[in-house]
Amino acid sequence: MGKKTGFMEFTRSLPILSDPKQRIADWNEFHAPFPVEELQKQGARCMNCGVPFCHVGTIIEGWTTGCPLHNMIPEWNDMVYRGKWREAYRLLSLTNNFPEFTGRVCPAPCESSCVLGINEEPVMIKEIEVSIIDRAFEEGWVVPRPPLHRTDKRVAVIGSGPAGLTCADELNHHGHNVTVFERDDRIGGLLMYGIPNMKLDKSIVERRVNLLADEGIDFRTNVRVGNDMSTDDLNRDFDVIVLCCGAPKPRDLNIEGRELNGIHFAMDFLTRATKQLLNGNSAGVKAIDVKEKNVIVIGGGDTGTDCVATSIRQGCRSLVQFEVMPKPPERAFNHEGWLSKIRTYQVDYGQHEAAALFGADPREYSVLTKKFAGDEAGYLKGLETVEVVWNEGKMIEVEGTEKFWDAEAVFLAIGFVGGEQGSLFGDLGVHITDRNTISVNDNKQTNVANVFAAGDSERGQSLIVWAIADGRKAAAGVHAFLRDQPEPAIILSAPS
Ligand SMILES: Cc1cc2nc3c(=O)[nH]c(=O)nc-3n(C[C@H](O)[C@H](O)[C@H](O)COP(=O)(O)OP(=O)(O)OC[C@H]3O[C@@H](n4cnc5c(N)ncnc54)[C@H](O)[C@@H]3O)c2cc1C
Ligand code: SF4
C-alpha cells in the first residue's frame, strides 16, 4: 500500500480529454496523458484492501464487475505511487497482453467494484493502466521477445481481433508456429474497424501488430477462411485451428420502410468511415457521408455512441439517439450503488460532443421506432415513433405519443446476434449454440478435438477485456492439447 492515508487526502481526478468543441474538428484521439504527480496521487488512493474485488472479474446479473484479466491492480497502484514504473509495467504485462487497448477503451468494470466506491469515487484504475503502458512504450521497455525455442506445431488463428491476437501472442511465446488469417485488409478486428480512431488511434493497433509480427507471428490479410481457403487446407496445414471470428451479425429492425435508401447498420458506417480515414478518398471504400443530414441513431449503447461521434465529425445537421429503455438513475455512492456502475446514467464521449455542439444530450429514452418513411425515389425522409413504458419487463406503447422525426440517415445500433457462420463452421463440424455462438468447454475447446474458439465468437458480443481473457484461456487449452499429442514437440530453432 502506497500511502496509508491517500484515500482520505486525495479525491478522484477525471481523465484529461480535449475540449469537445475543438476535438470534433478532427479524428485524433481525444485522450491526453496525465501529469505524473497526479497519477501518483491517484495510485495513493488505493487502499490495498484485505479482500480486493477490483481484480476478480465476474458477471453479476448480466454485467461484468471486476477485471476479467485479474490484473494486479493494488500492486501496480502501489508501484506507480512509489515511482517504480518499470516494475509496474512488468506486473501489468503478466496478466494483460494489450493494456494500451484496455487502458483506452475498457469500460473499467474494475472501478465499479473498487471498495472506495462504496462511499465515494473509486480509484482511477484505467487511467493508471494506460499511463503505465504508454510510458513503457516511450521508455523503450516494450521490445520484441521472440520465443527461445520453436516447436514443430502449427496453429491457425482465424480472425485478428483482440481474442485472436491474444491467443496468437500466447501460443507464439510457447514456441508454436502461429498464422493469423484475417478476411479484412488490416489486422485488428473491431480494434481496427469498429472502434473509431478518436477513441483508439489506429497507429496504436498497428504498433502492437508490428511487434507481434517481429516476434514471429505470420499475419495473412484478405483471406476469408471458408471461401479463399478451405477447411481441408486448414486441417492439412495446421495441427490446431482457433476460431476468433467475432459476433458481427447485426440485429435488424424489420419494420415498414426498412428497404429505403439511407438506413444502414452501424458497423457499415463505422467501418467505412475508418477505411476512408486511413486510405484517403482515392482508394477503396467510400464513407457513408452524413454531412448536412438529419441523423438518427437507433440504439443507446456504445456502438450507437460511436455513430453519434462519427456523424458529428462528418458535419451532420442534427442528431438524435433513441433508447428504448427508460433513463437509468444517477450513480449513488452507497452500498446500493456499489457494483452497479454500468446500469446507472453515464454520459460518454459522443453525448458530450453532441451536447457541446447542439446544446443537449442527444438521447431520447423510452422511444420505439414504428416505421420508416421515404420519398418516391426510395430515399429516407424520416421515421415514426411511439413512447413506451415498461411493466415487469413488458413493453407497453403509450397511446397518443406518436411522433414523426425528419431523418435522411438512420444507423441501426441495436446489438448483434452472433457469428456469420457461412460454410466455415459447418465444414469444420463445430456445434453452434441457440445464441448463434460456438459451443466450447472450459478450455475453449469445441466438440472437434483440434478446433478451439475464443472471444465474441463463443461468448457473444462483449468487451475487449473479455476477448483478451478468452484468448489467453484458449491458448492455455491449445498448449495443453498440443503437449499431450503423441509426438513430442521438436525444437527447431534456438535464440540468436
Ligand atoms: C462499434 C463497436 C465499438 C465497441 N467499443 C468497445 C469499447 O469501447 N470497449 C470494449 O471493451 N469493447 C468494445 N466493443 C466490443 C469489442 O470490440 C469486442 O467485444 C471485441 O472486439 C471482440 O473481439 P474478438 O477478437 O472476439 O472479435 P472481433 O474483434 O470482432 O474480431 C473478429 C475478426 O475475425 C475476422 N473474421 C471473421 N470471420 C473470418 C473468416 N472466415 N476468415 C478470416 N477472418 C475472419 C473479422 O474480420 C474480424 O476482424 C465494441 C464493439 C463494437 C461493434
Ligand atoms: S482491463 Fe479493464 S477491467 Fe481490467 S484493470 Fe484495465 S480497465 Fe480495469
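Rounded to whole Å and sorted largest first, list the principal axis extents of the Cα atoms in segment 358-496.
72, 40, 35
Please tell me the relative contact order of segment 1-59 in percent, rounded to the nearest whole number, where contacts are Cα pairs under 8 Å and at least six residues apart.
Relative contact order, segment 1-59: 52 percent.
Give, rounded to the nearest 20 debye, the magnitude of the charge dipole that the chain has about its Cα centre when Lys and Arg contribute +1 at Cβ and Asp and Glu contribute -1 at Cβ.
The calculation lands at about 860 debye.
Using a 1.4 angstrom probe with every protein chain in place, what is the largest-first accessible-area order of 208, 90?
90, 208
Taking the C-alpha atoms of segment 151-270, how large are the radius of gyration and the largest Cα-Cα span, Dmax, in Å?
Using the Cα atoms of segment 151-270, the pair Rg, Dmax is 16.7, 58 Å.
Cα-based Rg (one decimal) and Dmax (whole number) for the chain, in Å?
Cα-based Rg and Dmax for the chain come out at 23.5, 76 Å.
Between residue 377 and residue 355, what is the label-point separation in nm under the 7 Å Cα-to-beta-carbon projection?
It works out to 3.8 nm between the two label points.
State the dimensionless ratio Rg/Rh of segment 211-320 (Rg: radius of gyration of Cα atoms; Rh: Kirkwood radius).
Taking Rh as the inverse mean 1/r over Cα pairs, Rg/Rh reads 1.08.
So what does residue 63 come to for accessible area, using a 1.4 Å probe and Å² rounded to 10?
The accessible area of residue 63 comes to roughly 100 Å².
Dimensions of segment 263-412 along principal axes (Cα, Å, largest first)?
55, 37, 26
Carbon and sulfur together cover what percent of the accessible area of the chain at a 1.4 Å probe radius? Walk me through the numbers on the way to the answer.
Values: 11120 of 22240 Å².
Exposed carbon and sulfur together represent 50 percent of the surface.
With an 8 Å Cα cut-off and a minimum separation of 6 or more residues, compute the relative contact order for the chain in percent.
Details: 1048 pairs, mean separation 83.9, N = 496.
It comes to 17 percent, rounded to a whole number.
Report the residues of segment 40-82 in range of a label on residue 120: point 7 Å along Cα→C-beta, backbone N strictly under 15 Å from it.
Residues 41-48 qualify, since their backbone N sits under 15 Å from the label point.
Around residue 321, which amide H atoms from residues at least 5 apart in sequence, or from another chain, sit under 5 Å from its own amide H, with H modelled in the peptide plane?
297, 363, 364
Round to the nearest 0.05 the FRET efficiency obtained for residue 19 and residue 427 when R0 = 60 Å and r is the Cβ-Cβ distance.
It comes out at approximately 0.70.
Full-extension gain between residue 406 and residue 261, please, as 0.36 nm times their residue separation minus the C-alpha to C-alpha distance.
Full-extension gain reported as 50.8 nm.
Whole-Hz Karplus ³J(HN,Hα) for segment 435-447, in order, using 6.51 cos²θ - 1.76 cosθ + 1.60 and θ = phi - 60°, x for Gly and Pro?
8, 6, 10, 7, 7, 9, 8, 5, 8, 6, 8, 8, 5
For segment 6-139, report the convex hull volume of the alpha-carbon atoms normalised per residue, in Å³, without decimals. Could you put the intermediate results ahead of the total?
Working: hull volume 17.4 nm³, N = 134.
Dividing the Cα hull volume of segment 6-139 by its residue count gives 130 Å³.
Using the heavy atoms of the protein chains and a 1.4 angstrom probe, tell me the accessible area per residue for segment 263-412 in square angstrom.
On the way: 7270 Å² over 150 residues.
That works out to 48 Å² for each residue.
Provide the per residue accessible area, probe 1.4 Å, for segment 6-139, rounded to a whole number of square angstrom.
43
Per-residue HN-Hα couplings for segment 123-130, Karplus 6.51 cos²θ - 1.76 cosθ + 1.60 at θ = phi - 60°, whole Hz, x for Gly and Pro?
Those phi angles translate into 5, 7, 6, 4, 5, 5, 4, 5 Hz.
Please arrange 9, 364, 100 by accessible surface area, largest first, computed with a 1.4 Å probe and ligands excluded.
Heavy-atom accessible area, descending, gives 9, 364, 100.
Give me the Kirkwood hydrodynamic radius of segment 158-220, using the inverse of the mean 1/r over all pairs of distinct Cα atoms, in Å to one decimal.
Evaluated over segment 158-220, this radius sits at 11.7 Å.
Which FRET efficiency value, to the nearest 0.05, is calculated for residue 442 and residue 36 with the Förster distance at 56 angstrom and r the Cβ-Cβ distance?
Rounded to the nearest 0.05, the efficiency is 0.85.
Which order do peptides 183-194, 159-170 fall in by mean Cβ count within 10 Å, highest first? Kindly include the intermediate steps, with their values, before the conclusion.
On the way: 183-194: 21.5, 159-170: 28.9.
Going from most to least packed, we get 159-170, 183-194.
Cα atoms only: what Rg and Dmax, in Å, come out for segment 94-151?
15.2, 52
Leaving ligands, DNA and RNA out of it, work out the accessible area of residue 115 with a 1.4 Å probe and give it in Å² to the nearest 10.
My reading of the accessible area for residue 115 is about 40 Å².
The values are calculated or read from the model by the stated rules, or taken from the named source; none is laboratory data. Computed from a prediction, not measured in an experiment: that's the story for all the values here. When we count neighbours, we look across all protein chains shown, and the Cβ atoms used for this are built from the backbone with ideal geometry, even at glycine. When the accessible area is computed, the model is the full protein with side chains, heavy atoms only, and any ligands, DNA or RNA have been set aside. Shrake-Rupley method; radii C 1.70, N 1.55, O 1.52, S 1.80 Å.
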